[in-house]
Amino acid sequence: MAIGYLQIQTRTAQDAIPLEGAQVRVLDDEGNLLYQLSTDASGETRTVSLETLDGSYSLEPGYQGNPYADYSVTVEAEGFQPVSVTGIPIYDGQTAVLPVALIPLEEIQTRRPPEPVIIGPPAVTLDGARKQEGTSANARVLRQVVIPDPITVHLGAPAAAAANVQVRFSDYIKNVASSEIYPTWPAAALRANVYAIMTFAINRVYTEWYRSQGYDFDITNNTAYDQYYVPGHPIYDSISNVVDELFGEYVRRQGQLAPYFTSFCNGTTASCQGLSQWGTVSLADQGYFPLQILRSYYPNDIQIAETNIVTNALSSYPGTALRVGSTGLDVQTIQTYLNRIRRNYPSIPAITDPAGAYGESTRDAVTKFQSIFNLTPDGITGKATWYKISNIYTAVTRLAELDSEGSSLGIGSVPPAATLRQGSSGQDVTTLQYLLNVVSQYYPQVPAPVQDGIFGSGTRKSVTAFQQAMQLDPDGIVGKATWQALYNVYLGIGQNVPTPGPDSDYLTYTVQPGDSLWLIAQRYGTTVEAIRQANGLTSTILMIGQVLKIPVSQSPYVEYTVRPGDTLWELARRYGTTVEAIMQANGLSSTILMIGQVLRIPVS
């Protein structure tokens with residue numbers, strides 16, 4: 001028997017919070033317990049080995065049967081609904097990473113038996129016809145080719161009454177490739193298939209294929225119309241590495257901007273005018289390169305293009321990979337993001353390099369981050385790593401912002417009595433939108449509405465999705481039952497979701513006369529944007545006496561340029577240190593200061 005490998009990852013809130021101590025059981029197809037595991041501080045189990053079939057069977061299109069072994073996993077964590085995943089394919093020599101997104105218990109809810117997530121065979125083995133339709137000409141709908149991050153996936157046929165989920169683009173492509181084909185295929189075949197899958201999705205967004213028909217999603221997971229996305233499907237390391245390498249690339253015809261409509265089918269039980277998935281294996285075995293394989297099925301003038309435009313990204317990829325020796329604002333941005341992320345993921349080592357200098361500690365932090373989030377662990381911040389860091393930073397800071405908003409809104413334990421519907425406005429609508437924003441972090445089928453105090457169509461869609469998730473009448477009206485369900489979920493989140501560690505990567509600073517965000521950022525070796533993100537600022541206007549959280553590096557000192565009126569006593573009070581500590585750090589024998597003098601201020 002051959003050997004494959006499995007690791008389980010347990011997280012919640014769009015990967016913002018890892019769940020340590022979750023109990024994981026791995027069982028064979030007869031229900032026999034093989035491993036009893038526990039997750040670490042990053043929400044990961046150790047990688048275990050499992051028997052499977054020889055990989056050669058997955059290279060034969062005529063092989064009768066599944067060229068892999070099936071396993072099952074159950075996951076239980078205190079305060080969360082248990083999860084059972086069955087039909088997990090394990091392949092020869094491949095490491096399967098199984099992402100398990102756990103949902104917090106509601107306030108008055110007890111654990112119920114887990115509803116099984118069934119993975120099943122990949123699409124390449126299915127007999128159903130593929131009737132993919134799309135636009136392959138240079139039809140321009142969007143002005144630019146963009147990476148939709150997240151992409152909205154409809155879990156059914158286009159007209160079916162099914163849920164929509166929002167998925168990060170790279171996670172979506174890895175899932176689809178792992179659900180469509182065998183991860184044991186030759187590298188050139190994997191690359192050709194990933195190009196087709198990635199371009200297919202980008203084409204759907206660029207041409208607004210579904211949204212122009214009045215649908216509120218970008219793509220479906222129905223193989224008759226689109227490509228296979230299976231929620232909770234394991235991701236295989238060979239596919240994950242290829243997606244990281246090709247992230248942002250797509251197929252187009254020479255002289256055209258539009259992503260080509262890269263339709264495909266398995267080429268055995270189903271035929272089509274596009275790419276044959278099994279045919280890519282044969283061509284790869286003959287020594288064809290990925291582009292040659294693609295040109296065997298699509299026009300001969302197709303080429304590989306690239307876009308750096310990612311929707312909803314905090315900052316755009318600088319265009320060049322960052323590595324040891326790199327310097328500048330882009331390095332500082334990554335350091336700021338990682339230092340914040342490590343509050344939630346403490347196994348990421350502290351960055352001790354100077355701000356903006358990509359040294360060994362920055363490389364080590366990037367490498368650990370890549371390992372945690374299924375990226376190639378090379379310590380280099382390429383495009384896929386850049387956007388993954390940005391995604392996780394957005395998730396963890398969004399949770400912190402929501403916590404702060406909840407305090408300011410004064411959310412209690414008793415729901416409002418008002419019945420709300422489209423057209424309503426006011427404070428109760430603001431409370432409703434806030435609660436839906438919190439819920440959306442844990443329930444991917446619930447979209448986050450804009451928090452503007454006006455019950456518009458976006459808020460109605462969010463309410464309807466929540467009602468469907470709670471098995472309530474999806475009428476879009478917020479009455480007593482919907483209010484109570486919202487509060488049960490919200491209070492359950494507060495009771496059961498672990499709180500990240502202390503805000504050790506921030507200092508507090510009281511705004512002084514003459515201060516600006518730029519001056520404060522320079523003084524602390526950070527950026528204006530980082531300070532704005534840390535404090536939820538929507539403008540650069542500051543008020544004297546305003547208290548700011550300042551993100552700082554792990555250096556034990558910050559540099560401060562003496563200004564008129566400064567004294568050692570005032571600086572010591574402002575920075576939470578002592579006059580003696582400042583004098584010792586700077587070798588001062590007197591408390592007299594000179595305007596323009598640069599001091600090293602010890603910080604904790």
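Quick note: the coordinates plus some simple rules give every number you see, no bench work behind them. Please read all numbers here as calculations on a predicted model, not as lab measurements. With ideal geometry, Cβ positions are generated from the backbone for all residues, glycine too; neighbour counts draw on all protein chains shown.
Using a simple spin-label model with pseudo-atoms 7 Å out from Cα toward Cβ, M1 and D475 lie 5.6 nm apart.
Restricting attention to the chain, close to 75% of DSSP beta bridges with both partner residues there are antiparallel. Label separation (S413 vs M594): 6.3 nm, computed from points 7 Å beyond Cα along the C-beta direction. For the chain, the longest principal axis of the alpha carbon atoms and the long axis of helix 360-372 meet at an angle near 40°.
For A129 and T47, a Förster radius of 35 Å and the Cβ-Cβ distance give a FRET efficiency of 0.35, rounded to the nearest 0.05.
Residues of segment 225-257 with an amide N closer than 20 Å to a point placed 7 Å from the Cα of I309 along the Cα-to-Cβ direction: 247-257. If you fit an axis through the alpha-carbon atoms of helix 427-440 and take the longest principal axis of the Cα set of the chain, what angle between them do you get, 0 to 90°, nearest 10? That works out to roughly 60 degrees.
According to the square roots a ≥ b ≥ c of the eigenvalues of the Cα gyration tensor, what is the shape class of segment 410-496, taking rounded for a/c under 1.5, prolate for a/b larger than b/c otherwise, and oblate for the remainder? Please list the in-between numbers first.
Values: a/c = 1.33, a/b = 1.15, b/c = 1.15.
Rounded is the answer for segment 410-496, as its axis ratio a/c remains below 1.5.
The length gained by stretching the chain between Q23 and R143 to full extension, at 0.36 nm per residue less their Cα-Cα distance, is 38.4 nm.
For the chain, the equivalent ellipsoid derived from the Cα gyration tensor has semi-axes of 44, 30, 25 Å, listed largest first.
The modelled label-to-label distance between T578 and Q36, using points 7 Å beyond Cα along the C-beta direction, is 5.2 nm.
Report, in listed order, any pair from K383/K461; K174/K383; K131/K174 with a Cα-Cα distance greater than 27 Å. Please list the in-between numbers first.
Values: K383/K461 33 Å; K174/K383 15 Å; K131/K174 23 Å.
K383/K461, as the Cα separations exceed 27 Å there.
Once each of the trypsin sites (Lys or Arg not before Pro) sitting in a DSSP loop with at most 15 other beta-carbon atoms within 10 Å is removed, the chain keeps 144-420 as its longest stretch. Axis angle, to the nearest 10 degrees, between helix 169-180 and the longest C-alpha principal axis of the chain: 20 degrees.
So if we plug the beta-carbon distance of Q254 and D216 into 1/(1 + (r/R0)^6) with R0 = 60 Å, what FRET efficiency do we get, rounded to 0.05? Before the final figure, lay out each step's value.
Details: r = 35 Å, r/R0 = 0.58.
About 0.95, to the nearest 0.05.
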